[in-house]
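Undergrad: Here it is, the structure in full.
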Amino acid sequence: MEAPWSREEFEQKLRTKGQGYHIYHPFHVAMYEGKLSKEQLQAWVLNRFYYQISIPLKDAAILSNCPDVEARKQWIVRITDHDGTMENSYGGIEAWVELGSAVGLSREDVVSLKHVSPGVKFAVDAYVNFCKQRSWQESMCSSLTELFAPHIHQQRISSWPEMYPWIDESGLKYFKKRLTEARRDVEQGLNVTLDYFSQSREMQEKALDILQFKLNILWVIADSIMLQSSEITMDGREYLKQPVY
Ligand code: AHQ
């Protein structure tokens, strides 16, 4: 097996995986180009809520596997970023409910999870289970899709007001919040990954595979939402819109 890549080369390999980021998924390209209908945007918000409420569970799973106090002290902020705190209950999850009302959905529609497609549920559960079962270093590595997240958040912030003028400005709060949080969060994930996986070339390749696993999760989430909210009819029969489970 060849010698490990240098730290800079390894980081570059991780960043190059961004070519498979869901910003290039046809559903997100259509969103950026203003081509989504109100129903399709609502479907995206309804399905993505399941991802948002699963993030704190995923991060708590990582903490439960992490004996390193310094690493935990840094990572734990991700949970309150989403959940809020007893003092201030406003967090990312609440901001996402606000996004829901900005696109014309009731709180009940969003929090009931009754519109979440089986594919989205399956992909998100796979991410949470990965972080329950794998080492904290491997799980932190899987969060590195956030290297590419500021770009997609910025895209929404800059394109929605023009493309979807019917969406209230308050709906952008979540993306603005994540712009700064993602940049801060990803520092820790990247440093842990560059340190831990640089033991060998084999470990570095494993880190790239873990990142690809998470890229696939985000891709399949977009696939499932696109299918659920599309007008595809199977030989003339209206595609079943509501998951039956
Ligand atoms: O809103 C997002 C978020 O809170 C997170 C946490 C992070 C993780 O720990 O895996 N990933 C992530 C992401 C969020 N939003 C996605 C989007 O497109 O809005 C991007 C996603 C990510 O890139 O992993």
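The values are calculated or read from the model by the stated rules, or taken from the named source; none is laboratory data. A quick note: this is a predicted structure, and the numbers were derived from the prediction, not measured. FYI the Cβ positions are ideal-geometry reconstructions off the backbone, even for glycines, and counts take in every protein chain you see. Ligands, DNA and RNA are stripped out before the accessible areas are found, and what is left, the full protein with its side chains, is counted by its heavy atoms. Shrake-Rupley method; radii C 1.70, N 1.55, O 1.52, S 1.80 Å.
Undergrad: Kirkwood Rh and Cα-based Rg: tell me the resulting Rg over Rh for region 70-209, rounded to two decimals. Please list the in-between numbers first.
TA: Numbers: Rg = 17.2 Å, Rh = 17.1 Å.
That ratio equals 1.01.
Undergrad: Mind checking region 67-129 for GluC sites (Glu not before Pro) that DSSP puts in a loop (not H, G, I, E or B) and that have at most 16 other Cβ atoms within 10 Å?
TA: Values: sites: Glu70, Glu87, Glu94, Glu98, Glu108; in loops: Glu87.
Qualifying residues, ordered by number: Glu87.
Undergrad: For region 1-83, with the dipole built from +1 on Lys and Arg beta-carbon atoms and -1 on Asp and Glu ones, taken about the Cα centre, which of Val77, Gln52, Pro26 lies farthest toward the positive end?
TA: Checking the options against the dipole of region 1-83, the answer is Pro26.
Undergrad: From the alpha carbon gyration tensor of the chain, can you work out the equivalent ellipsoid semi-axes (sqrt of 5 times each eigenvalue) and give them in Å, largest to smallest? Please report the intermediate quantities before stating the final value.
TA: Numbers: eigenvalues 194, 86, 62 Å².
Equivalent ellipsoid of the chain: 31, 21, 18 Å, largest first.
Undergrad: Normalised by the number of residues in the chain, what is the relative contact order in percent for Cα pairs under 8 Å and 6+ residues apart? All intermediate terms of the calculation are to be shown ahead of the outcome.
TA: Details: 307 pairs, mean separation 78.0, N = 245.
So the answer I get is 32 percent.
Undergrad: Looking at region 101-150, which trypsin sites (Lys or Arg not before Pro) are in a loop (DSSP not H, G, I, E or B) and have at most 12 other Cβ atoms within 10 Å?
TA: On the way: sites: Arg107, Lys114, Lys121, Lys132, Arg134; in loops: Lys114, Arg134.
Sites meeting the loop and neighbour criteria: Lys114.
Undergrad: Expressed as an acute angle from 0 to 90° and rounded to the nearest 10, what is the orientation of the C-alpha long axis of helix 7-16 relative to the principal long axis of the chain?
TA: Relative to the chain, helix 7-16 is tipped by roughly 20 degrees.
Undergrad: To the nearest 20 debye, what is the magnitude of the charge dipole of region 67-143 about its Cα centre, counting +1 on the Cβ of each Lys and Arg and -1 on the Cβ of each Asp and Glu?
TA: 280
Undergrad: Can you tell me the orientation of helix 149-163 relative to the chain, as the angle in degrees between its alpha-carbon axis and the longest Cα principal axis, to the nearest 10?
TA: Value to nearest ten degrees: 20.
Undergrad: Tell me the GluC sites (Glu not before Pro) within region 196-233 that lie in a loop according to DSSP and have at most 13 other beta-carbon atoms within 10 Å.
TA: Working: sites: Glu202, Glu205, Glu231; in loops: Glu231.
Sites meeting the loop and neighbour criteria: Glu231.
Undergrad: I've got another one for you. To the nearest 20 Debye, how big is the dipole of the chain about its Cα centre, given +1 on the beta carbon of each Lys and Arg and -1 on that of each Asp and Glu? Can you show the working numbers first?
TA: Numbers: 28 positive and 33 negative charges, 28 e Å.
Dipole magnitude for the chain comes out near 140 debye.
Undergrad: Accessible area per residue, 1.4 Å probe, Å², for region 71-135: what's the number?
TA: Details: 3190 Å² over 65 residues.
Counting only protein heavy atoms, the per-residue value for region 71-135 is 49 Å².
Undergrad: By how many degrees, 0 to 90 and rounded to 10, does the Cα axis of helix 201-228 deviate from the longest principal axis of the chain?
TA: For 201-228 against the chain, the angle is about 0 degrees.
Undergrad: Let me ask another. With +1 on the Cβ of every Lys and Arg and -1 on the Cβ of every Asp and Glu, and nothing else charged, how large is the dipole of region 1-68 about its Cα centre, in debye rounded to the nearest 20? Display every interim value, and only then the final one.
TA: Numbers: 8 positive and 8 negative charges, 62 e Å.
Magnitude of the dipole: close to 300 debye.
Undergrad: Pick out, from Asn88, Ser37, Ser106, the residue whose Cα sits farthest towards the positive end of the charge dipole of region 25-145, with +1 on the Cβ of Lys and Arg and -1 on the Cβ of Asp and Glu.
TA: Towards the positive end, the residue furthest out is Ser37.
Undergrad: Along the positive direction of the dipole of region 145-210 (beta-carbon charges: Lys, Arg +1; Asp, Glu -1; about the Cα centre), which of Ile167, Leu190, Ile210 reaches farthest?
TA: Farthest along the dipole direction, towards plus: Ile167.
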